[in-house]
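Quick notes on the structure that follows.
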Amino acid sequence: IGAGGVIVLGGVLPVYAQSPIVSSEQVGGKYVASAGEGVSGTELMSVLEAAAAVGQPMALWQLGEMYENGVGVEQDRVRAFGYFSKIANENASAPPHSVEADIVARSFIKVGEYYKVGLPDAGIAPNQGRARALLIHAASYFADADAQYRVGLLYLNGDEVEPNVLLSKRWLSLAAHKGHVSAQAVLGDLLFNGYEGEDGSFGPQVVEGLMWLILAYEGTFGGEDEMWIGELLTRAMSIAAPEQRMEANDAASNVRNRIAQN
């Protein structure tokens, strides 16, 4: 972490991701937001690149996604990494509740993923410590739900860290209360079954666990995670007593309303 709280990701960013070529007054965020409305691919790229040059996170993100996936441009993961890195480097200390906070947090996650597996073409070797640091910054400073879920999994599975199920439960709970369905499912299964280990223990919390599984299944119905979450819910429902199922459904209604209001 460098001066002013800026996280230095390592390496020199490409020139296209550094030097502004027009002023922010010339390229406002409203143009980025409406760039896809009735403009050609060339015009769209021109608008995005101009906005990215003055550091607009949304434009940088869109370009990063395009180059990462080869959508409308030739796939170039090094170039994508440069865009995501620029967002993270220049906005590490952005206010957590600012308009761009979500994009910045997601960029930290993205860059962390690159460091986790490495990017040889950019001279980036796998670095698990840096990957974790970037993820934890997104989870703690920006309170990003997906980052919090991923940190919860780190401690649950012991991926490059000492397993700590109680700490995992805390991170999963933060994400679950924000409506993250995968976090709700993993947390629900953990609570339903209870845990006993060297890092602590807690008994089965059937009603609360079932409540989270219900909410998770509702949130992913028709989605790609429906099958595995549905299997967890079906198993839990087959074990829980009828009165526990009713209580869990009532609790789910209350929590569902609270999440919707946030």
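Backbone phi angles across the range 151-159, fed through the Karplus curve with coefficients 6.51, -1.76 and 1.60 (θ = phi - 60°), yield HN-Hα couplings of 5, x, 5, 4, 6, 6, 8, x, 7 Hz in residue order; Gly and Pro are listed as x. As a size descriptor, the averaged projected area of the C-alpha convex hull of the range 42-108 was calculated at 4.2 nm².
Once the convex hull of all Cα atoms in the range 110-256 is built, its volume per residue stands at 115 Å³. Amide H to amide H distances under 5 Å link I124 with L119, where only residues 5 or more positions off or on other chains count and H is placed in the peptide plane. On the basis of the beta-carbon distance and an R0 of 25 Å, N257 and Q205 show a calculated FRET efficiency of 0.75. Relative to the Cα centre, the charge distribution of the range 110-262, modelled as +1 at Lys and Arg Cβ and -1 at Asp and Glu Cβ, gives a dipole magnitude of about 420 debye.
Of the solvent-accessible surface of the range 124-215, computed with a 1.4 Å probe over protein heavy atoms with every protein chain present, carbon and sulfur atoms account for 50 percent. Averaged per residue, the range 74-167 has 45 square angstrom of accessible surface, using a 1.4 angstrom probe with ligands and nucleic acids left out. The radius of gyration of the Cα set in the range 137-199, together with its Dmax, comes out at 10.9, 31 angstrom. Taking only the C-alpha atoms of the range 74-151, Rg followed by Dmax gives 12.1, 35 Å.
Summarising the amide proton neighbourhood of A92: residues at separation of 5 or more, or on other chains, whose placed amide H is nearer than 5 Å comprise I7. Per-residue Karplus couplings for the range 188-198, computed as 6.51 cos²θ - 1.76 cosθ + 1.60 with θ equal to phi - 60°, are listed in order as x, 5, 5, 5, 4, 8, x, 8, 9, x, 5 Hz, Gly and Pro entered as x.
The values are calculated or read from the model by the stated rules, or taken from the named source; none is laboratory data. Because the structure is a prediction, the values reported are computed rather than measured. Glycine gets a Cβ as well: all are built from the backbone with ideal geometry, and neighbour counts include every protein chain shown. To get the accessible areas, we keep the full protein, side chains included, count just its heavy atoms, and leave off ligands, DNA and RNA. Shrake-Rupley method; radii C 1.70, N 1.55, O 1.52, S 1.80 Å.
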